[in-house]
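Peer 1: This structure is in structure tokens; I'll ask about it shortly.
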Amino acid sequence: MAAIHLRIGTRASQLALWQANWVADRLRELGATVELVEITTSGDRDQQGSVQELDQQGVFTKEIQVAVLKGEADLAVHSLKDLPTETVAGLVLAAVPLRENCFDVLVSNNAKSLVELPKGAKVGTGSLRRQAQLLHLRSDLQIIGIRGNVDTRLRKLADGEYDAIVLAAAGLKRLELAEHIVEELSPPRMLPAPGQGALGLECHHDAHEIRKFVSQLEHAETRAAVDAERAMLAMLHAGCSAPVGAWARMEHDSLKFDGLVASLDGQQVLRANATGSLSSAIQLGEQVAEALHDQGALEIIAGARLG
């Protein structure tokens, strides 16, 4: 294949730039020349309210997708947990690289675990999924919204606005801030967001040479896992910010999948699981979605939208 030049569209946050540069380095290793195109999204511009209050899907991805469609960038690098499940005409997910740790973690300057937090502790998170699961584990906690990049959130914790915050392990590890982690909130206690810890590389459907080149970064097991998780999310019509958890992974040559829907107060937690082959990922996701639907998941999700 002839030398190829790629323009990567990315948000300008520290973590987004790390992710885009990581992809750029992998593509350079394969022989490409690469430049970054920094794009401000609506989610970056509005830092006042919660993501849910922005009342739209794709607040961290839409503008980057538009740039690819307009030819202003050749490739978009997304955090897959931020990418809506609805496909955009003209775009294709060309590759999903190897996933980082997909779990949530607790960060606190005073406690070493969720159990050790004092009664009524203030815990910061901008995620309804995390809120619901935290309150299921500790109904006494005060869950307080938090926005901003990783450094901003860590600074707010240090300033005493919160007793603890919950973040994604992947972001802290990628930014070499893992020393702040006091406890990994791994399943079954908390299920991550669909796609958490994974990256999605999106390009124009008709850019065949770019698609072929970028596909070299594909990791089959990660793709199967996120396909299952996103299929469940899509079938529940839940959206990226809903109180929905999903965890698919390869175990003993099988794809195992756990799904969860929880009420915002943590009082109702619906769970379902399924096991199948790597090639049945989407069907597994739909199977788990159907099981959750039968338990009343849509009512819980609708209730969460109403706040």
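The values are calculated or read from the model by the stated rules, or taken from the named source; none is laboratory data. Please read all numbers here as calculations on a predicted model, not as lab measurements. Reconstructed Cβ throughout: ideal geometry from the backbone, glycine too, with neighbour counts over all protein chains shown. Only protein heavy atoms, including side chains, enter the accessible area calculation; ligands, DNA and RNA are left aside. Shrake-Rupley method; radii C 1.70, N 1.55, O 1.52, S 1.80 Å.
Peer 1: Within 10 Å of each candidate Cβ there may be at most 15 other Cβ atoms; applying that plus a DSSP loop requirement, which GluC sites (Glu not before Pro) in the stretch 66-154 survive?
Peer 2: Values: sites: Glu72, Glu86, Glu100, Glu116; in loops: Glu72, Glu86, Glu100, Glu116.
Passing sites in the stretch 66-154 are Glu72, Glu86, Glu116.
Peer 1: With the convex hull built on the Cα atoms of the stretch 117-228, state its orientation-averaged projected area in nm². Can you show the working numbers first?
Peer 2: On the way: hull surface 35.7 nm².
Across all orientations, the stretch 117-228 yields a mean hull projection of 8.9 nm².
Peer 1: Next up: Rolling a 1.4 Å sphere over the protein heavy atoms, what is the accessible area per residue of the chain, to the nearest Å²? Could you put the intermediate results ahead of the total?
Peer 2: On the way: 13640 Å² over 307 residues.
Here the per-residue accessible area is 44 Å².
Peer 1: May I ask for log10 I(q)/I(0) of the stretch 66-183 at q = 0.13, 0.15, 0.18, 0.22 Å⁻¹, from a Debye sum over the Cα atoms as equal point scatterers with solvent left out?
Peer 2: -0.61, -0.75, -0.94, -1.23
Peer 1: Moving on to the next point. If you count only protein heavy atoms and use a 1.4 Å probe, how large is the accessible surface of Phe213, to the nearest 10 Å²?
Peer 2: My reading of the accessible area for Phe213 is about 10 Å².
Peer 1: Considering only protein heavy atoms and a 1.4 Å probe, what is the carbon-and-sulfur percentage of the accessible area of the chain? Don't skip to the end; give the middle numbers.
Peer 2: Numbers: 6520 of 13640 Å².
Carbon with sulfur: 48 percent of the solvent-accessible area.
Peer 1: While we're on this one: Taking 1 over the mean of 1/r across every pair of different Cα atoms in the stretch 193-307, what Kirkwood radius in Å do you get?
Peer 2: Values: mean 1/r = 0.0671 Å⁻¹.
For the stretch 193-307, the Kirkwood estimate is 14.9 Å.
Peer 1: What base-10 log of the normalised intensity I(q)/I(0) is obtained for the stretch 195-249 from the Debye formula, alpha carbons as equal point scatterers, at q = 0.16 Å⁻¹?
Peer 2: The Debye formula, applied to the Cα set alone, gives -0.59.
Peer 1: Could you work out which residue, out of Arg28, Arg99, Arg129, moves most in a Gaussian network model of the chain, that is, has the largest mean-square fluctuation with Cα springs under 10 Å?
Peer 2: The residue with the greatest mean-square fluctuation here is Arg28.
Peer 1: Can you give the calculated 222 nm mean residue ellipticity of the chain, where each DSSP H run of n ≥ 4 adds -39,500 (n - 2.57) and the sum is split over every residue, rounded to the nearest 500 deg cm²/dmol?
Peer 2: -9500 deg cm²/dmol
Peer 1: Using only the alpha-carbon atoms of the stretch 51-135 as identical scatterers, what base-10 log of I(q)/I(0) does the Debye formula give at q = 0.16, 0.20, 0.23, 0.24 Å⁻¹?
Peer 2: The Debye formula, applied to the Cα set alone, gives -0.82, -1.03, -1.20, -1.26.
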